[in-house]
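Participant: I am attaching a structure below and will ask some questions about it afterwards.
The values are calculated or read from the model by the stated rules, or taken from the named source; none is laboratory data. Because the structure is predicted, anything quoted here is derived from the model rather than measured. Using ideal geometry, Cβ is built from the backbone for each residue, glycine included, and neighbour counts are taken over all protein chains shown.
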Amino acid sequence: GIADRTLIVFTSDNGGVCRKTSSNFPLRGEKGQHWEGGTRVPAIVLWPGVTQPGSVCAEQAITMDFYPTILEITGARGNAAHNQNVDGVSLVPVLKDPKATLGREALYWHYPHYNVFIGIPYSAIRAGDYKLIHYYEDNHSELYDLAHDLGETHDLSTEKPEVTARLQKQLQDHLKQVGAQMPVSNPNFKTPK
């Protein structure tokens with residue numbers, strides 16, 4: 001029947017909203033924020049005859065991966081010119097084998113504008129267990145080792161300057177490569193008196 005030929009995906013596009021009666025503990029932050037509480041979400045996939053029931057995969061993935069995954073599963077090819085800059089990679093290898101890897105160097109987030117949740121422009125990179133967050137207002141970066149500090153409470157940027165510098169460069173190279181819009185000052189802004 002149809003159930004044997006249906007891929008089911010259960011996920012979210014952001015972390016939970018925290019109010020007085022809720023929490024994303026042990027994760028820091030919430031929906032719209034750059035900490036794990038705002039970006040880390042569950043992804044549960046049922047693909048009859050392919051995914052292993054009860055399996056767990058630790059490979060890093062991002063919501064944009066579902067588009068190329070569904071293209072591969074359905075065999076859709078589309079217009080090559082239209083699909084040339086797809087963000088994400090197919091998750092098919094890890095759906096078939098949860099111990100497989102995707103061969104991706106890093107995940108990136110880029111918010112060059114102010115928003116209601118975090119309030120300030122930033123970019124972030126997650127490479128392996130390290131996550132670097134760069135703030136544009138004062139041009140500083142924070143570095144976290146998520147394997148040992150999932151709650152992002154201990155900034156390692158001064159303790160690990162070589163890792164911080166490497167990830168800053170990797171992030172800036174990526175932003176340049178994709179032509180990312182960068183934050184700019186508003187020349188008409190007048191500080192309220």
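Participant: Filter region 40-51 down to the residues that are out of contact with any Phe, Trp or Tyr (no Cβ under 7 Å at 6 or more places or on another chain) and not in a loop (DSSP other than H, G, I, E, B), then identify the one that is modelled with the lowest pLDDT.
Facilitator: Of all residues in region 40-51, those out of contact with any Phe, Trp or Tyr (no Cβ under 7 Å at 6 or more places or on another chain) come to 40-43, 45-51.
Checking which are not in a loop (DSSP other than H, G, I, E, B) leaves us with 43, 45-46.
Details: Ala43: 91, Val45: 94, Leu46: 94.
Ranking the qualifying residues of region 40-51, first place goes to Ala43.
Participant: Anything in region 136-153 that is at pLDDT 95 or above, surrounded by fewer than 18 Cβ atoms within 10 Å (Cβ to Cβ) and in contact with a strand residue (DSSP E or B) (Cβ under 7 Å, 6 or more places away or on another chain)? List them, or say none.
Facilitator: Asp145, Leu146
Participant: Restricting the search to region 1-47, which residues are charged (D, E, K, R) and over 28 Å from His110 (Cβ atoms)?
Facilitator: First, pick out the residues of region 1-47 that are charged (D, E, K, R): 4-5, 13, 19-20, 28, 30-31, 36, 40.
Within region 1-47, Asp4, Arg5, Lys20 qualify.
Participant: Same structure again: Of all residues in region 161-193 being more than 21 Å from Arg104 (Cα to Cα) and either in contact (Cβ under 8 Å) with a residue 24 or more places away in the chain or small (Gly, Ala, Ser) (or both), which is surrounded by the fewest Cβ atoms within 10 Å (Cβ to Cβ)?
Facilitator: Ser185
Participant: Now, a different point. Mind checking which residues of region 70-122 are at pLDDT 85 or above and charged (D, E, K, R)?
Facilitator: Glu72, Lys96, Asp97, Lys99, Arg104, Glu105
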